[in-house]
Amino acid sequence: MALAVGLMSGTSLDGIDAALVEIQGSGTSTKVKLIEFVTCPFSDTIRKEIQDACSVEFSSVRLITSLNFKLGYLFAEAVKKVCEKARVDPKDLDFIGSHGQTIFHLPFPEGSDEVPSTLQIGEPAVIAYETETCVVSNFRTMDMAAGGQGAPLVPYTDFLLFRSSDGRALQNIGGIGNVTVIPKEAEFEDVFAFDTGPGNMIIDAICQRLFGKPYDEDGQIAARGQVHEPLLAECMSHPYFAEHPPKSTGRELFGEEYVSTLLAKWGFLPSEDLVATVTMFTAQSIVDSYQRFIFPQYEIEEVVVSGGGAYNRTLLKMMASLLPDCKVVTQEDLGYSSAAKEAIAFAILANETLHNQPANVPKATGAKKRVILGNITPAPRG
């Protein structure tokens, strides 16, 4: 039995999720128990630094270098906080799995002088030193070295924890939406996954700009608005949705620049209508992906939603209305935590790394073969 912390900081930029878990076994024998979970919100200053680091216009080597270490200290603090909440000494941890903060994800370079690449920061040496614990990090790069897109990575843990006799779609709605498809009585080779498009990213950005709120709590703002069909149609015309899986995306397509362009053209609409429309955009882009790439081949009885979007009641109602033949549930309905899912996943992925087990899903990422993910930073000694 291993005691571990999984760390996740996603494209929504709301903060660092830390899950303290007990893990037994590896591979298909993996059993995991959530002991404690915390979210450590980013300050406005740190959030702005991350946004600038992700921006082609405002980023710099100096900014990213400093931010890499700043985030390392914040990740270490998140480990200490979740351990303190559970009354566990961080020195008793066996390992930490840290996804890091994605700064740029470039699976399909546009320039002739670029290569497929990705960058997650949050210095693992700082985390290891501050917690005196082994850290596994940088999970995406080996998959990309093997010809994959480095994302999505959670499908492997979805298969370990949620395989079933029924057909399931595991829909995570963080900053970006991604789905793992687990057909009826699936074997590992049957699992595939891809990013469906925007999750909470656009909704959150508009709430921040127009309402001064970090997100639309319970979908209350969207519930007061009306969906503006011309704007929705324009959003759904984005070429990403017609691309065939495997595919992945992020802030570089649906981040601040996208929102600025949207508001410049459609900012005359009532603010509540804008939030309602981009909420429907998330719902419709998810269901459109299912209709294009899943339903023609697989029978799906249940859609299990996780991530921050699972707490947006208006978004869930929109999804359910667009999926009349599927049961739409949340992780909580199955006895799990929607908020903790991805942090738990990176604890599991770290466990696989330390057991020398491949943990990518080639049908999800496009990699040429299964590979062992992650870089190991040992606990400091002496």
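The values are calculated or read from the model by the stated rules, or taken from the named source; none is laboratory data. What you see is a predicted model, and the numbers here were worked out from it, not measured in a lab. Cβ coordinates were reconstructed from backbone atoms using ideal geometry, including for glycine residues, and neighbour counts include every protein chain displayed. Surface areas here come from the heavy atoms of the whole protein model, side chains and all, with no ligands, DNA or RNA. Shrake-Rupley method; radii C 1.70, N 1.55, O 1.52, S 1.80 Å.
Here the gap between residue 242 and residue 51, fully extended at 0.36 nm per residue and compared with their Cα-Cα distance, gives a gain of 66.0 nm.
Quick one: order 273, 216 from most to least accessible surface, probe 1.4 Å.
Working: 273 35, 216 10 Å².
Solvent-accessible surface, decreasing: 273, 216.
From the mean inverse distance of alpha carbon pairs (Kirkwood) and the Cα radius of gyration, derive Rg over Rh for region 316-382. Walk me through the numbers on the way to the answer.
Numbers: Rg = 17.6 Å, Rh = 15.3 Å.
Rg/Rh for region 316-382 comes to 1.16.
For region 30-76, the solvent-accessible area with a 1.4 angstrom probe is 58 square angstrom per residue. Springs join every pair of Cα atoms under 10 Å in this Gaussian network model of the chain, and among 268, 211, 75 the largest mean-square fluctuation is at 268. So if the hydrodynamic radius of region 1-122 is defined as the Kirkwood radius over C-alpha pairs, what does Stokes-Einstein give as its diffusion coefficient at 37 °C and 0.692 mPa s, in µm² per second? Answer from the Stokes-Einstein relation: 207 µm²/s.
Between residue 112 and residue 29, the distance separating the two model label sites (each 7 Å from Cα on the Cα→Cβ line) works out to 5.4 nm. Taking the empirical scaling 2.2 N^0.38 Å for compact globular proteins as reference, region 50-167 has a Cα radius of gyration ratio of 1.26. Where the alpha-carbon atoms of region 107-202 are placed on the principal axes, they occupy 43, 42, 31 Å, in descending order. Normalised by 2.2 N^0.38 Å, where N counts its residues, the alpha-carbon radius of gyration of region 200-321 equals 1.05.
DSSP beta bridges fully contained in the chain are about 70 percent antiparallel.
In this structure, residue 220 and residue 132 have a Cβ-Cβ separation that, at R0 = 30 Å, corresponds to a calculated FRET efficiency of about 0.10.
Between residue 288 and residue 376, what is 0.36 nm times their sequence separation minus the Cα-Cα distance? Round to one decimal in nm. Display every interim value, and only then the final one.
Details: separation 88, 0.36 × 88 = 31.68 nm, distance 3.89 nm.
This chain segment gains 27.8 nm when fully extended.
When the surface is traced with a 1.4 Å probe over the full set of protein chains, residue 173 keeps roughly 0 Å² accessible. Report the FRET efficiency, 1/(1 + (r/R0)^6), for residue 265 and residue 89, where r is their Cβ-Cβ distance and R0 is 51 Å, rounded to 0.05. With a Förster radius of 51 Å, E is 0.40.
Which of 33/369; 265/327; 33/80; 80/247; 48/213; 85/327 have a Cα-Cα distance over 25 Å? Walk me through the numbers before you get to the answer.
On the way: 33/369 30 Å; 265/327 37 Å; 33/80 19 Å; 80/247 35 Å; 48/213 15 Å; 85/327 35 Å.
Flagged as over cut-off: 33/369; 265/327; 80/247; 85/327.
Modelled label positions at residue 233 and residue 60, each set 7 Å beyond Cα in the direction of Cβ, lie 4.5 nm from each other. Here the spin labels are modelled as points 7 Å beyond Cα on the Cα-Cβ line, and at residue 184 and residue 334 they lie 1.8 nm apart. Of the peptides 193-203, 41-51, the order by per-residue mean of other Cβ atoms within 10 Å, starting with the highest, comes out as 193-203, 41-51.
Among 56, 328, 361, the largest mean-square fluctuation in a Gaussian network model of the chain (Cα springs under 10 Å) belongs to 56. Over all pairs of different C-alpha atoms in the chain, the reciprocal of the mean inverse distance, the Kirkwood hydrodynamic radius, equals 20.8 Å.
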